[in-house]
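Inspection log for the structure reproduced underneath, given as structure tokens.
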């Protein structure tokens with residue numbers, strides 16, 4: 001496993017159907033990183049949706065990349081936008097969206113959303129499927 005996100009290799013594979021617009025979804029329900037202020041772990045449920053063009057991300061490589069954040073001290077916003085920019089840079093998708101639902105520490109949940117623009121016409125993009133944090137109520 002890579003020790004740092006910048007050390008991770010995001011293998012990509014050719015899209016066998018580059019002329020079709022379709023959504024690929026990866027869900028990371030046990031994402032972890034570190035708080036840059038306290039060093040305590042931050043936990044999130046991250047949903048990545050993208051419409052590929054010429055490349056797909058290889059799922060094991062993505063898994064190892066996501067795991068590499070376990071020792072990374074970074075704010076939620078930087079983590080989310082950094083993942084998005086890395087995927088856009090490597091894959092050059094037609095469209096990409098990340099929804100990051102961080103669990104509360106200190107009483108405030110933080111949700112971060114990044115999107116490259118409007119999805120292509122005619123593509124069904126499902127809701128991320130993660131409810132806003134409601135505590136125990």
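Just so you know, all these numbers are worked out from the coordinates, no wet-lab data involved. The shown structure was predicted, so the numbers you read here are calculated from the model rather than taken from an experiment. Here Cβ is always computed from backbone atoms with ideal geometry, including for glycine, and neighbour counts include all displayed protein chains.
Rounded to the nearest 500 deg cm²/dmol, what is the calculated helix-only ellipticity per residue at 222 nm for the chain, with -39500 (n - 2.57) per DSSP H run of length n ≥ 4?
Values: 2 runs with 25 residues, N = 137.
Computed ellipticity for the chain at 222 nm equals -5500 deg cm²/dmol.
For segment 21-90, the equivalent ellipsoid built from the Cα gyration tensor has semi-axes of 24, 11, 10 Å, listed from largest to smallest.
Approximating the spin labels as points 7 Å out from Cα along Cα→Cβ, the residue 88-to-residue 16 distance works out to 3.0 nm. Within the chain, antiparallel bridges make up roughly 95 percent of the DSSP beta bridges whose residues both belong there. Reducing segment 21-35 and segment 59-100 to their Cα centroids gives an inter-centroid distance of 8 Å.
Enclosing the Cα atoms of segment 69-137 in their convex hull gives a volume equal to 115 cubic angstrom per residue.
What length, rounded to one decimal in nm, is gained on full extension from residue 4 through to residue 113, with 0.36 nm per residue of separation minus their alpha-carbon distance?
Difference between extended and current length: 37.0 nm.
The Rg/Rh ratio of the chain, with both radii computed over alpha carbons and Rh defined as the Kirkwood radius, is 0.98. Distance between the modelled labels on residue 103 and residue 35, one decimal in nanometres: 1.4 nm (7 Å Cα→Cβ projection).
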